[in-house]
Every structure is written in structure tokens, then in C-alpha cells.
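Engineer: Next up is a structure, given as C-alpha cells.
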Amino acid sequence: MLRRSKSILQIYEETKQYDLVITNDAPLATGLNKLIEKPRLEYFALTPKQIASKYAVTIYDKLYTKAEIILEITKKTGRSLPEVHQSIEKIFDVWNNTGLIESCELYLMQGEKELLPLLKQYPSVELAMEEFNEDYFGNKNIAVAGFELFTELDRQVLPKRNLITQNISLFTDEELKIEKTYIFSSANDLINSTVSIINSENADETAIILNNESDYLEILKTRLNEKGIICEIRSMISD
């Protein structure tokens, strides 16, 4: 059964009494932070990666991006860049789903396994997540929003002892029924249908989400302008 998602205002009302809300959805964290009603020294909502990035400053001299790690390991091993790139991408993907770098060995080829020790030589946000010490939270009262959506690596950052933690569901108990679905035979049909359902009465409550490089963007903008509907372009999903 599909369940209806809660509005961001509903989630805020359920979490506003906490010191910190942890969610793995960056736009949700941004939205919750924008709803803060009074001044505070720290962010109200953060993702595990954002928390780990702050924590990393206290334990590492330098934090490496994935691209930097790929280049450093390419130099150190003498392997080709495409080979290292493919292997590192696979390792990080497995790492996110196992939570522990040692557990990755079960899913890697021998050549890929040989790269695992090198990842600890080049600290990343992912390594900070695995090595996270929950004492970093102090005595904060913490809520976790959408625990079921967290990867195993995300969960390494969550408090496990001596802290009051509340799991806040992102969904209501109400069933979500999709009344209509549409299949379009061409891009032109898709654009025509989209433009036809937007009018001056519902335009302020309507958003069309596209890739920034979509070929449809300028066409939709032009067609809607022809109907007298002004389009506001936002580049961030949180907007």
C-alpha cells in the first residue's frame, strides 16, 4: 500500500521540540531549517553526511573528495584511471549499503579488495560516518526523520546509547491512491498535455521538476508564457 507523505509543516510540528533532527533527505533538512521560528547557534536539521563532515574536522587533517581519492590511488597503484574510477565507485556504492568498509570484501573482486586499505589513507566523509563517535552529539535531544530510508552507512551516524532518540515517520497512515496515469506517444504530446492542465487559477500551486539541461525547459517556458503564465525558474530542489 502506498501511504500519503506528510507535509513539511507536519514534520516540523512533530520535531520542533528537539535539539536536532537527522534526515537523509537534504532538501527536507533545508526546508526544516527555513521554518525555524527563533534564533539558534546551530542547524536544526542535518543529514548524516553533513554531521560527519563537521565531525571530520575534529579527527582528520584533511577530508578527501571521491575524485581526489581516485586520483591519489591512481598515482599510488599505477593502475589506469578508468579502472580505479570504476572500482572506487563500486566500493563506495557497496560501502553505503553495508555500513562497514570491511564488509565490502564480500562483494568485491580481488583487485577491488586490494584498494580497501588505501581508502583509510585518504579520509572521506564516508570514513567519518563509519568512524563517527556519538559523544560528538553531547546531550542533545535528537529525532530521526524517516529512519527506514537511511542506508546502513547513514545509520552509523545515528545515536545508539545514552540519548533520547525519536523516530519520526515521513508518512501518514492514509492510503495514497493514484487516480490517473498517463502514457504519451511523443514529447510533443507530453508538452501539450502539461501546458493544457496549467492555468491562471492553479499556476501558483504548480511546479514542474526537470533536469536543468532538459530540452523541454525552454519549450515549456515559451508555451506557458504564451498563455500569460509567468514561470519562475529555481535551480535547487529545496526551492
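Engineer: Can you report the number of residues in region 1-16 which are in contact (Cβ under 8 Å) with a residue 60 or more places away in the chain, part of a helix (DSSP H, G or I) and either buried (at least 19 other Cβ atoms within 10 Å of the Cβ) or in contact with an Asp or Glu (Cβ under 8 Å, 6 or more places away or on another chain) (or both)?
Structural biologist: Number satisfying all stated conditions: 2.
Engineer: Within region 67-102, can you find the residues that are of a type in the set (Ser, Thr, Tyr) and surrounded by 12 or more Cβ atoms within 10 Å (Cβ to Cβ)?
Structural biologist: Thr74, Thr77, Ser87, Thr98 - these are the residues of region 67-102 that are of a type in the set (Ser, Thr, Tyr) and surrounded by 12 or more Cβ atoms within 10 Å (Cβ to Cβ).
Engineer: Against the condition closer than 15 Å to Ala143 by Cα, within 21 Å of the chain's Cα centre (by Cα) and not small (Gly, Ala, Ser), how does Leu32 come out, does it pass?
Structural biologist: The answer is yes for Leu32.
Engineer: Still on this model: Report yes if Asn139 is out of contact with any helix residue (DSSP H, G or I) (no Cβ under 6 Å at 6 or more places or on another chain), open to solvent by 30 Å² or more (accessible area, probe 1.4 Å) and among the polar types (S, T, N, Q), otherwise no.
Structural biologist: yes
Engineer: Tally the residues that are hydroxyl-bearing (Ser, Thr, Tyr) and more than 26 Å from Met129 (Cβ to Cβ), restricting the search to region 6-46.
Structural biologist: Number satisfying all stated conditions: 1.
Engineer: Search region 43-53 for residues being part of a loop (DSSP other than H, G, I, E, B) and open to solvent by less than 40 Å² (accessible area, probe 1.4 Å), and hand back the single one that is nearest to Leu158 (Cα to Cα).
Structural biologist: Among those that are part of a loop (DSSP other than H, G, I, E, B) and open to solvent by less than 40 Å² (accessible area, probe 1.4 Å), it is Thr47.
Engineer: Still on this structure: When the residues of region 113-172 are narrowed to those that are among the acidic types (Asp, Glu) and within 18 Å of Lys66 (Cα to Cα), which ends up nearest to the chain's Cα centre (by Cα)?
Structural biologist: Step by step, filter region 113-172, then rank; the result is Asp154.
Engineer: Which residue, of Ser200, Ser193, is over 25 Å from the mean Cα position of the chain (by Cα), surrounded by fewer than 12 Cβ atoms within 10 Å (Cβ to Cβ), modelled with pLDDT under 90 and more than 30 Å from Tyr43 (Cα to Cα)?
Structural biologist: Ser200
So that you can scan it fast, the table gives a plain yes or no per residue for (1) part of a helix (DSSP H, G or I); (2) in contact (Cβ under 8 Å) with a residue 40 or more places away in the chain:
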{"residue": "Lys38", "(1), (2)": "no, no"}
{"residue": "Leu41", "(1), (2)": "no, no"}
{"residue": "Tyr55", "(1), (2)": "yes, yes"}
{"residue": "Ile91", "(1), (2)": "yes, no"}
{"residue": "Asn97", "(1), (2)": "yes, yes"}
{"residue": "Glu102", "(1), (2)": "yes, no"}
{"residue": "Glu105", "(1), (2)": "yes, no"}
{"residue": "Glu112", "(1), (2)": "yes, no"}
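Engineer: Is it fair to say Lys62 is open to solvent by 70 Å² or more (accessible area, probe 1.4 Å), touching a residue at least 60 places away in the same chain (Cβ under 8 Å) and not acidic (Asp, Glu)?
Structural biologist: yes
Conditions tested, residue by residue: (1) closer than 30 Å to Asp93 by Cα; (2) charged (D, E, K, R).
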residue: Pro159; (1), (2): yes, no
residue: Phe171; (1), (2): yes, no
residue: Glu174; (1), (2): no, yes
residue: Ile198; (1), (2): no, no
residue: Asn202; (1), (2): no, no
residue: Thr206; (1), (2): no, no
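Engineer: Look at region 121-154 and say how many of its residues are charged (D, E, K, R) and closer than 13 Å to Gln50 by Cα.
Structural biologist: 2
Engineer: Report, ordered by the first and then the second residue, all pairs with beta carbons closer than 6 Å, sequence separation of six or more or different chains, a first member in region 200-211 that is small (Gly, Ala, Ser), and a second member that is open to solvent by less than 60 Å² (accessible area, probe 1.4 Å).
Structural biologist: Matching pairs, first to second residue: Ala203/Ile229.
Engineer: Can you list residue pairs whose Cβ atoms sit under 7 Å apart, with the first residue in region 169-190 being under 22 Å from Leu149 (Cα atoms) and the second being surrounded by 11 or more Cβ atoms within 10 Å (Cβ to Cβ) and of a type in the set (A, V, I, L, M, F, W, C)? Count only pairs 6 or more apart in sequence or on different chains.
Structural biologist: That search, which allows pairs on different chains as well, returns Leu170/Ile11; Leu170/Ala145.
Engineer: Moving to a separate point now. Which numbered condition trips up Asp19, out of (1) closer than 14 Å to Phe147 by Cβ; (2) open to solvent by 20 Å² or more (accessible area, probe 1.4 Å)?
Structural biologist: It fails just one condition, (1).
The values are calculated or read from the model by the stated rules, or taken from the named source; none is laboratory data. Everything numeric here is computed off the predicted structure, so don't read it as measured data. Here Cβ is always computed from backbone atoms with ideal geometry, including for glycine, and neighbour counts include all displayed protein chains. Remember, those area values only see protein heavy atoms, side chains included, never the ligands or the DNA or RNA. Shrake-Rupley method; radii C 1.70, N 1.55, O 1.52, S 1.80 Å.
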